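A.B. asks: Structure provided below as structure tokens; questions to follow.
Nothing in this text is a laboratory measurement; each read-out follows from the coordinates by a stated rule. Every value quoted in this text rests on a predicted model; they were computed, and no experiment measured them. Cβ atoms come from the backbone with ideal geometry, glycine included; neighbour counts cover every protein chain shown.
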Amino acid sequence: MVSLGPVAATRHCSFRCPFCYVREPAFVRYKSWPVEADLEWVRTNLSQINVIYVSGDTDSFAPPRTGAGLSLLGALADLGRDLLFTTRHVFVRSEEWHELKGIAERVRSVGRNPIACVSVCQLSRPDLEPRPIAQPAVRIEQLGKLNAVGWTSVLAMRPIMPAFQLRTLSESFGLQYAT
Ligand code: SF4
């Protein structure tokens with residue numbers, strides 16, 4: 001699993017989900033490397049890697065880093081491995097969709113699987129993930145578009161909530177939960 005890493009020294013993600021697990025002390029953070037260092041590490045260890053997943057400690061496709069996230073994905077697409085990514089971002093620009101289509105084609109051309117996961121935490125409170133994250137229905141619609149340009153698309157209902165995430169939600173929104 002690789003990512004673009006933190007947006008800044010004091011901020012891990014462009015989005016601000018109130019339930020975000022990355023801020024929790026229990027979350028094991030990645031090393032904060034430049035993209036080239038990530039790529040070099042993956043290339044060096046490729047014989048031990050079957051699946052590459054862009055996800056984890058930030059949303060690598062959240063604006064303003066959408067282009068950088070796609071560049072990372074594109075570089076990983078040429079390594080001959082199954083390639084996954086997860087995002088809450090909704091791609092809007094035709095160039096981005098063109099790039100996504102090309103990446104999926106390159107992964108499939110060597111018999112590997114391109115898999116795109118779109119995260120939605122729930123449906124009953126569509127404002128729980130704050131702007132600029134698009135409404136859950138729009139993100140779910142994106143699954144079909146990703147599938148149409150060659151990705152196997154997956155709805156990722158997350159976070160999958162251990163107690164500390166439920167506690168964060170509870171404190172933020174006064175929700176009740178049972179452990
Ligand atoms: S998109 Fe993911 S990493 Fe970013 S704030 Fe939301 S939960 Fe955290």
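A.B. asks: Quick check on the exposure proxy: order 31, 101 from fewest to most C-beta atoms within 10 angstrom.
C.D. replies: 31, 101
A.B. asks: So, one more: Given 0.36 nm per residue, what is the gain on full extension from residue 41 to residue 145 after removing their alpha carbon distance, in nm?
C.D. replies: The span from residue 41 to residue 145 would gain 34.3 nm if fully extended.
A.B. asks: Quick check on the exposure proxy: order 4, 72, 46 from fewest to most C-beta atoms within 10 angstrom. It would help to have the intermediate numbers written out before the result.
C.D. replies: Working: 4 24, 72 21, 46 13.
Arranged by neighbour count, lowest to highest, 4, 72, 46 become 46, 72, 4.
A.B. asks: Quick one: order 39, 76, 83, 128 by neighbouring beta-carbon count within 10 Å, fewest to most.
C.D. replies: 39, 128, 76, 83
A.B. asks: Pulled fully out, how much extra length does the chain show between residue 109 and residue 71, if you take 0.36 nm times their separation in residues and subtract their Cα-Cα distance?
C.D. replies: 11.8 nm
A.B. asks: Just the projected area, averaged over all directions, of the convex hull on the alpha carbon atoms of the chain: how many nm²?
C.D. replies: Values: hull surface 42.6 nm².
Value for the chain: 10.7 nm².
A.B. asks: Set Lys and Arg Cβ to +1 and Asp and Glu Cβ to -1, take the dipole of the chain about its Cα centre, and tell me which of 102, 122, 4 lies farthest positive.
C.D. replies: Selected residue: 122.
A.B. asks: Please report, in debye to the nearest 20, how large the charge dipole of the range 44-122 is about its Cα centre when each Lys and Arg carries +1 at its beta carbon and each Asp and Glu carries -1 there. List each step's numbers first, then the result.
C.D. replies: Numbers: 8 positive and 8 negative charges, 24 e Å.
My answer is approximately 120 debye.
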